[in-house]
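Enquirer: Before anything else, here's the structure in question.
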Amino acid sequence: MYLPRTVTYGYHCEECEDAIWLPTTRAELQWLKDREHVAREVARHVQSGLDTWINEGLDFLDKHHGHSVMLTKRP
C-alpha cells in the first residue's frame, strides 16, 4: 500500500473546527467516508484489527456524527 511521505489529507469538521490528518491517500479517506457503515461492520468481525488510519478515521467520524465533515488538504 502506498503511503504519502507527508500526511497531506484528512478530515475537517466544519462545526467543531476539529481536524485529523491520517497517513493515507485522499482516495482512501474518501472511500472510508463514503462507506463508513461497511468499514464499521468489517471492524466488528476482524480479529486482527484494521489499519490504524481506518480506526482513527472511524473514531473521528463517530465523534463528529451529524456534523458537516469534509475531506481537506493541508496547505
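Enquirer: When only residues in the range 52-62 that are of a type outside the set (A, V, I, L, M) and touching a residue at least 40 places away in the same chain (Cβ under 8 Å) count, which is nearest to Asp34 (Cα to Cα)?
Expert: Step by step, filter the range 52-62, then rank; the result is Gly57.
Enquirer: Also, quick follow-up: I'm trying to understand the selection: among the residues of the range 1-51, which are out of contact with any His (no Cβ under 6 Å at 6 or more places or on another chain), of a type in the set (Asp, Glu), touching a residue at least 24 places away in the same chain (Cβ under 8 Å) and under 21 Å from Gly66 (Cβ atoms)?
Expert: Residues satisfying the conditions are Glu14, Asp18, Glu36.
Enquirer: Here is a follow-up. Working carefully through the options Leu29, Leu58, Leu71, Leu50, find the one that is at negative phi, assigned to a loop (DSSP other than H, G, I, E, B), surrounded by 12 or more Cβ atoms within 10 Å (Cβ to Cβ) and not β-branched (Val, Ile, Thr).
Expert: When all the criteria are applied, what remains is Leu50.
No lab work stands behind these numbers, since they all come straight from the coordinates. Bear in mind that the values here come from a model prediction, so they are computed numbers and not experimental data. Neighbour counts are summed over all protein chains in view; Cβ atoms, including those assigned to glycine, are modelled from backbone coordinates with ideal geometry.
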